[in-house]
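Trainee: Input: one structure, supplied below.
Bear in mind that the values in this text are calculations on the coordinates, not laboratory data. Just so it is clear, the model here is predicted, and its values are computed rather than measured. Ideal geometry is used to build each Cβ from the backbone, glycine not excepted, and the neighbour counts take in all protein chains shown.
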Amino acid sequence: MYNKMVEIETIGQMQGQIFKIHSDFYYVNTAEGVFECKIRDVLKKQKAQIYTGDFAELESINPDSKQAFISKILERKNFIPKPKVANIDKIVVVSAIKEPSLDFEQLNRYLCFCEYYGIKPALCFNKNDLKDDSTVIEEIKKIYEPLGYEIIFTSAKEKEGIEELEGILADKITVFCGLSGVGKSSLANAINPALNLRTKEVSTKTDRGTHTTRHCEIVELELSSGKRAKLVDTPGFSHLRFDFLMPAEISVLFPEINRFKEGCKFSDCLHEHETGCNVLANLDKIAKSRYESYLQFTKEAKDYKTQVTYGGKKTESRSKFLHNKTVTKISDKKRQISRKTANQKTEKEHRNE
Ligand SMILES: Nc1nc2c(ncn2[C@@H]2O[C@H](COP(=O)(O)OP(=O)(O)OP(=O)(O)O)[C@@H](O)[C@H]2O)c(=O)[nH]1
Ligand SMILES: [Mg+2]
Ligand SMILES: [Zn+2]
């Protein structure tokens, strides 16, 4: 059907936002309503990456049919590659207090990804109804409040903290991220039961839910305040690794480590065991679990460095700005892979997975 339509002259141009992608079909919200779209061959040839949340130019062939072609993807404000979502105002990193058990390293991974992609995260600790005592709450507050992250405690089951969550979402496009089974879809349903998103029991065998949410889609919510929100519920994913950054780039993702590193004796200090390291000198001011995550992510980045160094692709040198933060720059001279922006680099790498 679409092939036939190509031969007919385009009769109208529109713009809209892609809110759902299902195999080759792109669903776009426009002023004229929702259009089911395919993409123009020219975009296919360019191997254009198309993300949920992208703004696109459409060429409508027959406005009555509500079918059109996407001819151009407009410039993105930002994006995350996993899942592929663009033009995000906020990421809510959802963790469960229990079931699955609270995993600080995983949480730090999500937070560092938010830092890397320059998107402000809020931390939501769900299943608050399952907590045994307030020790875990105190620990969370102690670690994350000084870092300036917005923190809320919720129970989708008991409808606790939902108003606060709504306050975070109001008038924004927000992505829910977090491990499978932490209650992302349940929280969305708690805000708006009419959404009726599929949720699942946590598997007792693994203490982790199997993936219940499979697609990303922007859903519109009406909040109790009367305000509106756009939300992307995502499938829980846990395979985020820092194997695309240089080791010296990791500290930039940890605000509490970054603030001390200027005082290190050596500019290439990785704050592991070096003499004259100002981060190590201030370790009492950094939460143990955060520093352990830093070491782990640095290790992953070292693996990447080994791979690219021995693959003859690039080496480290001076500093430049990445998402407004000072990071190690790849020497222009030695650089062999074009790295126009960090975003393009990761976009390509994630595409190749
Ligand atoms: N006790 C309790 N259980 C909850 C709460 N929120 C969600 N659950 C349960 O946790 C399980 C998983 O919830 P989901 O909403 O499917 O989790 P999800 O994060 O969307 O999972 P994926 O879609 O697989 O990524 C379901 O059985 C929910 O009923 C809560 O606040 N308290
Ligand atoms: Mg879900
Ligand atoms: Zn150091």
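Trainee: Just order 22-34, 81-93 by mean Cβ neighbour count inside 10 Å, highest at the front, would you?
Mentor: 81-93, 22-34
Trainee: Next question. May I ask for the net charge around ASP303, where only other residues with Cβ less than 13 Å from the Cβ of ASP303 are counted and Lys, Arg are +1 while Asp, Glu are -1?
Mentor: Net of charged neighbours comes to +2.
Trainee: Of LYS44/LYS120; LYS159/LYS227; LYS77/LYS230; LYS44/LYS66; LYS131/LYS299; LYS84/LYS131, which ones are farther than 24 Å apart at the Cα?
Mentor: Flagged as over cut-off: LYS44/LYS120; LYS131/LYS299; LYS84/LYS131.
Trainee: Could you give the distance between the Cα centres of region 148-190 and region 21-61, to the whole Å?
Mentor: Each part reduced to its Cα centre gives a spacing of 29 Å.
Trainee: So how strong a dipole does region 46-119 carry about its Cα centre when Lys and Arg Cβ are +1 and Asp and Glu Cβ are -1, to the nearest 20 debye?
Mentor: Using only the charged Cβ atoms, the result is roughly 100 debye.
Trainee: Then there's this: Over region 133-290, what is the mean sequence separation of C-alpha contacts under 8 Å (at least six apart), divided by residue count, expressed as relative contact order in percent?
Mentor: Computed over region 133-290, the figure is 18 percent.
Trainee: Under 5 Å between amide H atoms, partner at least 5 residues away or on a different chain: which partners does SER180 have, H built in plane at 1.01 Å?
Mentor: Counting only residues 5 or more places away or on other chains, the set is GLY236, PHE237.
Trainee: Another one. Give a residue-ordered list of calculated ³J(HN,Hα) values for region 15-27 (Karplus: 6.51 cos²θ - 1.76 cosθ + 1.60, θ = phi - 60°; whole Hz; x for Gly, Pro).
Mentor: Karplus values, whole Hz, x for Gly and Pro: 10, x, 10, 6, 10, 7, 10, 10, 6, 8, 9, 10, 9.
Trainee: Where Lys and Arg each count +1 and Asp and Glu each count -1, what net charge lies around LYS159 among other residues with Cβ under 13 Å from its Cβ?
Mentor: So the environment of LYS159 carries a net charge of -4.
Trainee: Going by C-beta contacts inside 10 Å, put VAL94, VAL175, VAL136 in order with the fewest on the left.
Mentor: Fewest-to-most Cβ neighbours within 10 Å comes out as VAL136, VAL175, VAL94.
Trainee: Would you pull out the residues with amide H under 5 Å of GLY16's amide H, same chain only if 5 or more places away, H placed 1.01 Å from N?
Mentor: ALA56, LEU58
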